Amino acid sequence: MVFNFKVFKKVSPNGKLTLYLGKRDFVDHISAVEPIDGVALLHDDYVKDRKVFGQVICSFRYGREEDEVMGLNFQKDLYLASEQIYPPKEGKEQNLTKLQERLVKKLGPNAVPFTFTINPSAPASVTLQPGPEDEGHPCGVQYFVKLFTGQNETDRTHRRSTVSMAIRKVQFAPSKQGRQPCTVVRKDFLLSPGELELEVVLDKQLYHHGEKIGVNLCIRNNSNKIVKKIKAMVHQGVDVMIFQNGQYRSAVASLETQEGCPINPGSSLQKVIYLVPIIESNKDRRGIALDGQLKHQDTNLASSTLLASPDAKDAFGIVVSYSVKVKLYLGALGGEVSAELPFILMHPKPGTNTSKVMRNDSQVEVESFRQDTIDISSDSKVPIC
């Protein structure tokens with residue numbers, strides 16, 4: 001039987017250390033995160049008297065690179081996993097994946113498998129979109145798998161003998177829909193009889209990226225005010241946990257209409273408004289949260305962050321949420337009536353019957369990487385290069 005695997009490969013500058021990973025997206029199932037499994041290929045003579053260490057690093061940049069002056073640094077690196085992978089520690093048993101088994105068999109005795117596990121409370125991969133004039137690395141959360149040679153884990157690493165590869169920690173949409181969001185807002189007015197009632201219902205709670213969001217409105221005007229205009233918006237909420245006041249919201253989709261207006265006293269209106277929050281409408285807006293990005297790969301608006309509990313927010317993370325807000329404009333003297341409903345925006349799990357899914361690893365082309373679909377069946381003699 002022949003097994004084909006897509007393998008991601010990166011070599012250290014001195015050519016003595018090579019990192020292989022089978023994928024670069026690792027799924028957070030809320031209760032646990034997929035283990036990060038790979039293989040390190042070591043040059044025999046080079047590592048004879050050295051040790052090789054592996055680490056998973058969460059890099060959180062919370063300020064612009066061009067603003068770093070006089071030693072000020074707006075980046076923190078968190079070491080989520082760190083261990084010696086060569087020489088392997090005695091008595092440690094390791095269950096190899098199929099990819100690791102075949103790579104070890106193909107690469108020979110200098111191939112060392114490794115597996116890292118990270119805590120599910122670690123933040124998701126999120127990037128904050130820079131402005132058109134911004135330079136340097138964007139703010140956000142990135143992950144790296146790093147291999148280096150040294151005498152201990154705290155050694156200063158040398159670029160020539162270090163290899164690192166960017167990965168992502170991602171979440172996919174739940175398989176079941178939640179409760180359908182709905183709300184009713186009633187407003188009465190000083191010295192005016194009756195009230196204005198606004199009912200907002202979304203057609204479902206969970207949406208996939210690129211889907212239309214159907215906002216069902218029912219307006220009953222039992223007051224003496226006149227509704228002159230309706231506006232519906234999708235708000236993206238971003239909470240940068242490291243800052244006490246790091247919460248802000250941006251409208252990533254909006255629609256303003258006067259169709260059906262004015263709504264006079266004693267009248268009512270039922271209407272459906274469709275909104276589509278997509279990155280194409282927000283290309284040049286600084287601060288919009290995007291899904292974690294790999295080189296040469298298109299991205300999209302960040303997915304909603306799912307937490308095991310409200311208290312499980314990591315101090316170095318970015319929490320993303322979405323809501324639909326509807327406003328009724330009653331004129332200069334009448335003011336406004338508004339209602340807001342939260343919803344979830346995420347990618348479906350790969351393999352589900354949906355029209356749009358997140359790009360998988362086979363579509364990623366990364367500079368300085370060689371990606372080969374390798375036949376690593378037991379009787380194959382095709383070399384890995």
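The values are calculated or read from the model by the stated rules, or taken from the named source; none is laboratory data. No experiment lies behind these values; they were computed from the predicted model shown. Here the Cβ positions follow ideal geometry from the backbone for every residue, glycine too, while neighbour counts run over all protein chains shown. These accessible areas exclude ligands, DNA and RNA; they are computed on the full protein's heavy atoms, side chains included. Shrake-Rupley method; radii C 1.70, N 1.55, O 1.52, S 1.80 Å.
Observations, loosely collected:
- Test: residue in the range 155-167 that is in contact with an Asp or Glu (Cβ under 6 Å, 6 or more places away or on another chain), of a type outside the set (Phe, Trp, Tyr) and open to solvent by 30 Å² or more (accessible area, probe 1.4 Å): no
- Test set (1) assigned to a loop (DSSP other than H, G, I, E, B); (2) hydroxyl-bearing (Ser, Thr, Tyr); (3) surrounded by fewer than 16 Cβ atoms within 10 Å (Cβ to Cβ) - residue 183 fails condition number: (1)
- Residue check for residue 175: open to solvent by 20 Å² or more (accessible area, probe 1.4 Å) and within 25 Å of the chain's Cα centre (by Cα): yes
- Scanning the range 309-323 for residues that are open to solvent by 50 Å² or more (accessible area, probe 1.4 Å) and not polar (S, T, N, Q) yields 310, 311, 313, 315, 316.
- Every pair of residues 6+ apart whose Cβ atoms lie under 9 Å, when the first sits in the range 189-203 and is touching a residue at least 12 places away in the same chain (Cβ under 8 Å) and hydrophobic (A, V, I, L, M, F, W, C) while the second is in a loop (DSSP other than H, G, I, E, B) and open to solvent by 20 Å² or more (accessible area, probe 1.4 Å): 189/224; 189/225; 189/335; 196/222; 196/225; 201/180; 202/180
- Scanning the range 36-54 for residues that are surrounded by fewer than 19 Cβ atoms within 10 Å (Cβ to Cβ) and in contact (Cβ under 8 Å) with a residue 40 or more places away in the chain gives 43, 44, 46, 50, 51.
- Subset of the range 52-71 that is modelled with pLDDT of 80 or more and farther than 30 Å from residue 112 by Cβ - its residue that is farthest from the chain's Cα centre (by Cα): 63
- Between 189, 172, the distinction of being under 19 Å from residue 348 (Cα atoms) and of a type in the set (Phe, Trp, Tyr) belongs to 172 only.
- Selection status of residue 6, open to solvent by 60 Å² or more (accessible area, probe 1.4 Å), in a strand (DSSP E or B), basic (Lys, Arg) and over 25 Å from residue 243 (Cβ atoms): yes
- Single residue of the range 238-249 satisfying the filter (over 18 Å from residue 344 (Cβ atoms) and not polar (S, T, N, Q)) that is surrounded by the most Cβ atoms within 10 Å (Cβ to Cβ): 240
- Scanning the range 327-370 for residues that are in a loop (DSSP other than H, G, I, E, B), over 30 Å from residue 189 (Cα atoms) and modelled with pLDDT of 80 or more gives 347, 348, 349, 350.
- Tally of residues being closer than 30 Å to residue 306 by Cβ, in a loop (DSSP other than H, G, I, E, B) and open to solvent by 10 Å² or more (accessible area, probe 1.4 Å) across the range 126-154: 6
- Residues of the range 214-237 that are in a strand (DSSP E or B) and surrounded by 21 or more Cβ atoms within 10 Å (Cβ to Cβ): 215, 219, 221, 227, 230, 232, 233, 234, 236.
- All positions within the range 264-286 that are of a type outside the set (Val, Ile, Thr), open to solvent by 10 Å² or more (accessible area, probe 1.4 Å) and assigned to a loop (DSSP other than H, G, I, E, B): 264, 265, 266, 267, 283, 284, 285, 286
- Conditions (1) assigned to a strand (DSSP E or B); (2) modelled with pLDDT under 90: number failed by residue 49: (1)
- The range 251-261: number of residues that are in contact with a strand residue (DSSP E or B) (Cβ under 7 Å, 6 or more places away or on another chain) and surrounded by fewer than 14 Cβ atoms within 10 Å (Cβ to Cβ): 3
- In the set (1) modelled with pLDDT of 95 or more; (2) farther than 28 Å from residue 214 by Cα; (3) not basic (Lys, Arg), the condition left unmet by residue 183 is number (2).
- Residue match in the range 55-67 (condition: part of a helix (DSSP H, G or I), open to solvent by 40 Å² or more (accessible area, probe 1.4 Å) and not acidic (Asp, Glu)): no
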